[in-house]
Every structure is written in C-alpha cells, then in structure tokens.
Protein chains: 4
Amino acid sequence: MPFTYNRTIRFQDTDAAGVVYFANVLAICHEAYEESLNVSNINLQLFFRNNDFAIPIVHASVDFLRPMFCGDRILINLSTNQLNLQKFEINYQILTPEKEIISKAITKHICIDLNTRTRKELPSEIIHWLHKTDSL
Amino acid sequence: MPFTYNRTIRFQDTDAAGVVYFANVLAICHEAYEESLNVSNINLQLFFRNNDFAIPIVHASVDFLRPMFCGDRILINLSTNQLNLQKFEINYQILTPEKEIISKAITKHICIDLNTRTRKELPSEIIHWLHKTDSL
Amino acid sequence: MPFTYNRTIRFQDTDAAGVVYFANVLAICHEAYEESLNVSNINLQLFFRNNDFAIPIVHASVDFLRPMFCGDRILINLSTNQLNLQKFEINYQILTPEKEIISKAITKHICIDLNTRTRKELPSEIIHWLHKTDSL
Amino acid sequence: MPFTYNRTIRFQDTDAAGVVYFANVLAICHEAYEESLNVSNINLQLFFRNNDFAIPIVHASVDFLRPMFCGDRILINLSTNQLNLQKFEINYQILTPEKEIISKAITKHICIDLNTRTRKELPSEIIHWLHKTDSL
C-alpha cells in the first residue's frame, strides 16, 4: 500500500528562478522514504550510519511536470518494488492537494556489505517495510 | 507569544561527521520563521518574491550545544522583537522533546525598498505577525 | 567538444553515510553546466532570472557507480545534444583524476515563454553554446 | 597570513529572492576553511570522519552587507586565532573582485574526544595550520 507524506515547500528549496531547484525534488522524495521507514519503526540513525551494511542509491530519475513555489503544500505518494534479494526500487508521485501530478521519480537501492563492498541480502526489517509499501 | 515548530532531522541535513551540518541549523530556524508567517496567513510566495520590498536577513548567529542526528525529533521555539520601524529580530531555541536546549540562534531583518535599495517601514502584515509572536 | 569542469567534494556535499548525498551529484552536474555557459560568455544572473523565457529541466537521471568522499578531486565531462528547436539534453560523466567513471547523468531542458507558459525556440546564444559543446 | 579562496556563486546557492540564501554564506565560508586545510596537507576525509576526535563548530555568526547573485565571482579571506589549547576561531571576509566587503563571518571550533565527549587538545597538524593562517 502506498505511503503518503505531506510537505510544505520551503524558501531553501527554491532557486533564483523562483521555483524549487530541480535536484531538491529528489531530496524531498528521500524525505518521504525516511518518514516511511520511520513509521515502520526503523531507527534512521542506525540505518543510515551502520558499520555492517549500507543500502546506497544506484540510480535515480525524475520528471518535472509543473513548477513548485515557496509555501506550496504537496503530497508525495511512495510505493516500492522488491527487484531481487539485494535490490529494490521506490516510485514517487508528487501531487498538489487537488491531486494534480507535479513530478514523478524513481530511486533504485542495492544492499552492500560495507567490509567487502559486495552485494548482500536486504535485512529483514527492510523486507518487512517493502511488503508494507508494495505498489501491488 | 512564542511560536513552536516541530521538525524531524533528515538525512540531507547531516554531513559526513554523522550530525546536522552547522549551517543547516540556521536553515531549520528559517523554516520555523516561514511556518510562523504562514500560520499568520502571510502568502510566502508573494512575501519572498515581491517587486516592491524585501526583508533580507542582515545578521545571523547561532550557538551549538548538542549534536543532532538523522531521525531526531526537535522543537523550535521562535519569538520576535521589533527593534524599530524598519527592523526586527527573531530568537530561536531548538529543543529536544524532553526540552533540553540543543541550539540557540538569532536572525536580524531589515525592510528595504527594492527600487531605491533604501530602508522602508515594515508592512502592516509583518507588524501584526510581530505582535503575535512577541517575546514579551 | 565536451567541456571539462574540475571540482572538489565539500563537506556540505556529504551526508551521515560519509559520502556525497545522492541528489547533490545532480547539483554538481548543474555547476558544470553553469560554468560551461559562463565560459561561453552567457550572463548567468540574466539567464536564470529572465522575465521573457526560462529553460527549466524537465527530466534528470543519474547512475552512481562509486562513492565520493570529502576532499576528493573529480572531473565532470559535459556534452550536449540539441533535440529540436526548443529542447536539448546534457550528458555528464563524473570521473576520478585517474579517469575512472564515478557517475553518469543526463538532464533534459525545454525553452518556454514565461508569459504564455508555452514552448519557445531556444535563444541564439544557447544554440551557439550547444554547437560548441556538442557530443559529436 | 590570511588564506584566500576564490568562488563563483552557483544557482543552487540562490533562493527565490534571486540572491544567495543566507545560510549558504556560512557554507561558502566553510568551503574556504576546507580548502585552507587541504592546502596545508590535511586529509579532509580523515579529518571530518575520525573515530578519535572531532572539532565541531560551537558558534557561528555572519553579517550581510550586500547581496550576491548567480555567477558572481567572490573572494573569501580567512584568518585564524587560537583561543586556547582546545579552541580556535576563524574570521572570514567575503569580497567582490574590486575588494568591496560583501559579508563578514566568524566560526568557533572546539576539539573534543569522541569517546568521552570531553574537551581535548587540538592535534598538532591543526596547530600547524593555525600558525600558518594566523590573523596577526
């Protein structure tokens, strides 16, 4: 089931063109990912600064359909697909409160062993989270 | 009366030392300022991208008492002092949910005419907001 | 001919995982784009804050092959393709000083009329820049 | 002797008001600090992500005299004062190429033992760097 994250566009998100700076849209998507993990009781401090494993992003893409301005209220719908034992992707839809699509994005994540820098199976808490937020 | 803003520390706020990057603490304070204006029905898009006047920050200072980590829940208490007809300051206290002080900051703001680049009286909606959030 | 931009990874680029935050890689690519425009004598202040036209990014994608750490020296090779009269794409390769590929990215840009919000032909100075940095 | 760092204002540094976002001025000062350490042969990756000690910023202040726009070339003059065995401050002057002052900032840094979270003497490589960049 998709997870929905509410966000207000901040002055810092914008650039001199008066709208959200393109790369910040991906950062806003990542916030939705963090909040989704948090709601699933995953400790973010340990998750993102672990000595054993890491789940870096290996690919990201984003389409921009409408500009976002400071003060705008937006929703991010996040849903996941587990691709194999070590890999998953997240799909994001950014919407206005009236449900018009502003932007779409995808991030792909691979679990690695930080000592050997080789692929490693996703930890069980992530498998659990992937089931909860599955796009199916 | 002080305004309180709730915030979660995001991965993007942190740096390779594992804690919030120092300058981002001021950005988090600015978010509290924006939300406080928003609650006072000030249109942020018009406010920050006006053709007539601007209210730039002319001074900022911040003290760091404790580190903040990804996922931490924090509160920001914001209160204001009008210094004269063209100038005000904002005081910020960043607190843990248990009310321990993490950081303190101040920003000073001056209203200017964008055409002449000279000082100008603060607009009435800002005077109204300053009364609401006055530290006294 | 591709344009090459030299960059050092800064502390602010990193996150609590100790490496460059994923979305900041696209921001670093955008810096290369800005410097390439600047070398082509395009005034960046006017270019990015024009009242007549804008050339927003409509798509971005990025692949991450190796992590980047604070202090790392990198090169960004930028080359362009004009897609039609209103649209172009930029390809970026991020390399170590030893020419190992760290990351690859693409951004797509469309010229719009800011008054009508419809597509518009690219300005001649951009056509000139596209010829200079063409990937062919 | 002061250290001078050259920087171009990037689109990402700006906000919807069309000028550099206030907190980013401190980030630009920190870049000058990093480059100054780097020139003094201090390994930034080890320095900022050490297991034994850290030198966090405990105070920062900044005054804004003139706005900065995308594409502007600036200079940052950095000089240091060692305050005691565990503490130093850095003074920054941001200047136009014509040597007009745009902004002034100060950061204060304390060395701590990461295991005990108590103050610790500054490492010798930092003492060496402080002598080189001393404001006297």
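Listing for the model above:
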{"item": "Accessible area (Å², 1.4 Å probe, nearest 10) - B:H128", "result": "110"}
{"item": "Accessible surface of the range A:3-132 [probe 1.4 Å, protein heavy atoms]: carbon and sulfur percent", "result": "47"}
{"item": "1.4 Å probe accessible area per residue over the protein assembly as shown, in Å²", "result": "43"}
{"item": "Residue-level accessible surface for A:S135, protein heavy atoms, 1.4 Å, Å²", "result": "50"}
{"item": "Coil-residue trypsin sites (Lys or Arg not before Pro) of the range A:11-120, DSSP, other Cβ within 10 Å capped at 11", "result": "A:K99, A:R117"}
{"item": "Per-copy distances of the C:T8 label point, shortest first, in nm (7 angstrom along Cα→Cβ)", "result": "1.7, 3.6, 3.9"}
{"item": "Extreme residue, positive dipole direction of the range B:85-136, given options B:H131, B:H109, B:T96 (C-beta unit charges)", "result": "B:H109"}
{"item": "Dipole magnitude of the range C:1-65 about its Cα centre (Cβ charges: Lys, Arg +1; Asp, Glu -1), debye to nearest 20", "result": "80"}
{"item": "Interatomic Cα distance distribution for the range B:93-136, bins of 10 angstrom, percent", "result": "21, 33, 28, 14, 4"}
{"item": "Cα-projected label distance for D:S135 with D:L46, points at 7 Å along beta-carbon direction, nm", "result": "3.0"}
{"item": "Computed magnitude of the charge dipole of the range C:3-132 (debye, nearest 20; Cβ of K, R +1, Cβ of D, E -1)", "result": "180"}
{"item": "Closest Cβ on chain D to the rotation axis that carries it onto C (distance rounded to whole Å)", "result": "D:Q12, 5"}
{"item": "Nearest-first distances (nm) between copies at A:I101, label 7 Å from Cα via Cβ", "result": "2.9, 5.0, 5.4"}
{"item": "Over chain C: helical MRE at 222 nm, DSSP H runs n ≥ 4 each giving -39500 (n - 2.57), nearest 500", "result": "-7000 deg cm²/dmol"}
{"item": "Tail beyond 27 Å, pair distance distribution of chain B (Cα, percent)", "result": "23"}
{"item": "Tail weight of P(r) past 42 Å, computed on alpha-carbon pairs of the protein assembly as shown, percent", "result": "17"}
{"item": "Listed residues B:L37, B:L78, B:L46, most fluctuating in chain B (Gaussian network, C-alpha, under 10 Å)", "result": "B:L46"}
{"item": "Distance violations [Cα-Cα > 20 Å] among B:K104/D:K108; B:K108/B:K132; C:K108/C:K132; A:K120/C:K99; D:K87/D:K120", "result": "A:K120/C:K99"}
{"item": "Interface A:C - total buried accessible surface [probe 1.4 Å, Å², rounded to 100]", "result": "1800"}
{"item": "Reference-scaled alpha-carbon Rg (2.2 N^0.38 Å with N residues) for the range B:63-136", "result": "1.38"}
{"item": "Exposed GluC sites (Glu not before Pro) absent - longest run of chain A, DSSP non-H/G/I/E/B, at most 15 other C-beta within 10 Å", "result": "A:1-97"}
{"item": "Alpha carbon centroid spacing (whole Å) that separates the range B:40-75 from the range C:71-105", "result": "34"}
{"item": "Computed E for B:L85/A:E125 - FRET, C-beta separation, R0 41 angstrom, nearest 0.05", "result": "0.15"}
{"item": "1.4 Å probe, heavy atoms, protein only - residues of the range B:46-82 losing at least 40 Å² accessible area vs chain alone", "result": "B:F48, B:R49, B:I57, B:V58, B:H59, B:A60, B:F64, B:F69, B:C70, B:R73"}
{"item": "Label distances, nm, B:Q82 versus same residue in remaining copies, Cβ-directed 7 Å point", "result": "5.0, 5.7, 6.0"}
{"item": "Quarter of the Cα convex hull surface for the range D:2-65, i.e. its orientation-mean projected area (nm²)", "result": "6.0"}
{"item": "Estimated FRET transfer efficiency when R0 is 45 angstrom, pair C:N38-D:H59 (beta carbons, to 0.05)", "result": "0.80"}
{"item": "Largest-first ellipsoid semi-axes for the range B:28-95, taking √(5λ) over the Cα gyration tensor eigenvalues, angstrom", "result": "25, 16, 11"}
{"item": "Net dipole in debye of the protein assembly as shown [+1 Lys, Arg Cβ; -1 Asp, Glu Cβ; about Cα centre; nearest 20]", "result": "0"}
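The values are calculated or read from the model by the stated rules, or taken from the named source; none is laboratory data. Given the structure is predicted, the values throughout are model-derived calculations rather than measurements. Quick reminder, even Gly has a Cβ in these numbers, built from the backbone with ideal geometry, and neighbours come from all protein chains shown. Keep in mind that these areas ignore ligands, DNA and RNA; they rest on the heavy atoms of the full protein, side chains included. Shrake-Rupley method; radii C 1.70, N 1.55, O 1.52, S 1.80 Å.
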